[in-house]
Amino acid sequence: MHLFDKILIANRGEIAVRIIKTAQKLGIATVAIFSPADRNSLGVKLADEAWPLGSNTLSESYLNIDKIIQIALLSGSQAIHPGYGFLSENPRFAQACADNNLVFIGPRAASMELMGNKIASREFVEKLGIPMTKGMTGMPEEIYEQAKDASFPLLIKAAAGGGGKGMKIVEKGSDLLDSLETASREALSYFGDGSVFAEKYIEKPRHIEIQLIGDQHGNVIHLFERECSIQRRYQKIIEEAPASHLPNKLRQEIAQAAVKIAQATNYQSAGTIEFLVENETNFYFLEMNTRIQVEHPVSELITGIDIVEEQIRIAAGYPLRFQQSDIQANGHAIECRIYAEDASNQFMPAPGNIAYYSEPDGNKLRIDTSLFGPATIESFYDPMISKFIVHKENREEAIEKSIQYLQEYIIQGIKHNIPYLLSILSDPAYRSNAIWTKFCETNLAKNLEQIETDRNTIPKEHVVLAFSAYTLLSNQLAQKDSIWQKIGYWRESMNLEIAIDSDWFQVKINQIKHQHIHLTINDQPIHIEVLQIQPHFIQLLINNIAIKASITELENATFDVMLKGHNFLAQRSDYLAVDKKYVSKGNQNQGFAEVKSPMPGKIVKIKVSENDSISQGDILLIVESMKMENNILAPGDGTITGVYCSEGDLIDSSKTLIRIE
């Protein structure tokens, strides 16, 4: 018995990089597959071989079983690791591997088929005596007839999937049918099965999950629990291990229940069983994820066990190297998911070009990503940029260091959710562990307000001064069309206008001597001492206050200035510049009369027709993008005078979809 010589990774992004690194640590050659959009990704760069898929369309690339199997055979791979998402929980893919003498690095197809379906898994688990809520299943019309007289709220979710896809909370009967149809549509699109499941929604539950590993010799162990209650749109965004609030007795009961389920299914490989916990006294089986999960690093960090390595060893036939009594939980780990999204605009995905990317350097900080510099976040895929994981002695220290390191994480050129994560981590309710699955939704207004408060605590004068000093001293970004470059600083002072977002500041440079700049800003005298300057970075003292900023040029002589996790748009205009001002294209704000999608995607539902009267905030369209349905809302009151799209259309952000008068 020996480990594989070569494995193919049937995935992309950070999880592909994660698997490649562990495989290479074990001396196993790796084969990456890639769509055209991923041609320059880190996974492609790190793998020993990389094979093109030829299309960005999911059905023709990362979901194309025949194509992936063919590449595995042609490349001489002996096994395939599916990562998470895509084909990772597809029993047909696992069976196709077996049919072609390829080892699927994951559970048996029978386990996936049983536990991957919410209906079948619930029936199976109920027979084991594991607590769960009662529910009903079927297509939307069937559920509607069964549930329209049920007590609300109800939770609707896809019967054949996970990850929050197709999941809706219905507060009242009048919303039931629409929610069922939307959930079914999402489920069909993402899992190929439109059947849905409805159950009683538990008020204020916590989402707790148990990480499991089983081998081919009947051994099953757990790696303790994870706290996953911080969710938005049913997607986890902050995860922790362990769940420090759980009473020890309840913690042991949940772990034992999870192991019992895994043993009953003869489970092999890594998997996770999710539970809802009510009032820290009762727990209910939710579902099983028959794959490695996005949040697995927090379990790895508190136990010291490489879960991907164990998956590979188990698939090769090796028994587990440890018993339950060998595993200890040490310290506390927090994972934050960094997304390209706009918190101020309903968390819409915000694909685009990252102009500059720099990770912080922190003790016991781990960042899982496929980025290594400027890159494009495509609209074809999930908008996650990276996973940001901190491991410290206790929860309080892990929170503090997460805040510190996040403020040093530089992502410029696109919108991202770092300010939103900082607002949650700083929230007194979060810090006191008073969290539950609707924490984000309940506290959304407060957290968005906190983002603005935090941003406003950064004096714009500091942004102006950091930007001014950087552009004045950096040879890389010297103003080529500036008169100062041609005739020198011969005047008594150099006059600048600096715009930060929409605010303009008058700056006069009185003296530049070595690393010292004397200037006035809006007639206020300031002395700057530049401590360090390098491409994209400046550190300075402003009247003895230390400032660090990252500065990157974008388009049309605009710059992204990032301080403490917040991004500011900057422009500089010299009074004697040849063209007088640098011109910025500015924000292409959507006019009141024309509605466009803020992201590329597919129109799945049109909610209005021509001549309809609408009010501000009404849902006009539903656009599917990056695996999520996004509501496009009316910007104001009016009448629909034109609908220029149809359901099923693929659109980009340039097309006018609806006109409002």
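A short reminder: the numbers here are calculations on the coordinates, not readings from a lab. Because the structure is predicted, anything quoted here is derived from the model rather than measured. All Cβ positions, glycine included, derive from the backbone under ideal geometry; neighbour counts span all protein chains shown.
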Exercise. For the stretch 44-170, what relative contact order do you get, as a whole percent, if you take Cα pairs closer than 8 Å and at least 6 residues apart?
Worked result: 14 percent
Seminar exercise, completed: DSSP beta bridges in the chain: the antiparallel percent, rounded to 5, is 90 percent
Exercise. What's the exposure ranking of 121, 59, going from fewest to most Cβ atoms within 10 Å?
Worked result: 59, 121
For this session: Between beta-carbons, use under 14 Å as the cut-off and find the net charge around residue 144, counting Lys and Arg +1, Asp and Glu -1.
Result: -4
For this session: Quickly estimate the mean residue ellipticity at 222 nm for the chain, helices only: each DSSP H run with n ≥ 4 gives -39500 (n - 2.57), and the total goes over all residues, rounded to 500.
Result: -7500 deg cm²/dmol
Exercise. With a sphere of radius 14 Å drawn around the Cβ of residue 530, what net charge do the other residues whose Cβ falls strictly inside it have (Lys, Arg +1; Asp, Glu -1)?
Worked result: +1
For this session: Using Cα centres only, tell me the gap between the stretch 609-661 and the stretch 128-193 in whole Å.
Result: 26 Å
Seminar exercise, completed: Given chymotrypsin sites (Phe, Trp or Tyr not before Pro), DSSP loops and at most 14 other Cβ atoms within 10 Å, the longest exposed-site-free stretch of the chain is 1-321
Problem set entry | Subset of 148/168; 168/605; 236/460; 200/236; 25/548; 157/401 violating a 27 Å alpha-carbon distance limit | 236/460; 25/548; 157/401
Problem set entry | Viscosity 0.692 mPa s, 37 °C: Kirkwood-radius Stokes-Einstein D of the stretch 30-141 over Cα pairs, µm²/s | 205 µm²/s
Exercise. Counting pairs of alpha carbon atoms under 8 Å apart in space and at least six apart in sequence, what relative contact order in percent does the chain give?
Worked result: 9 percent
Problem set entry | Mean-position separation - Cα centroids, the stretch 49-87 and the stretch 415-463, in angstrom | 40 Å
Seminar exercise, completed: Ranked on Cβ counts within 10 Å of their own Cβ, fewest leading, 370, 55 go 55, 370
Problem set entry | Sum of side-chain charges, residue 364 neighbourhood, beta-carbon under 12 Å (Lys, Arg +1; Asp, Glu -1) | 0
Seminar exercise, completed: Quick note on 618, 574, 99, ordering by fewest other C-beta atoms within 10 Å, gives 99, 618, 574
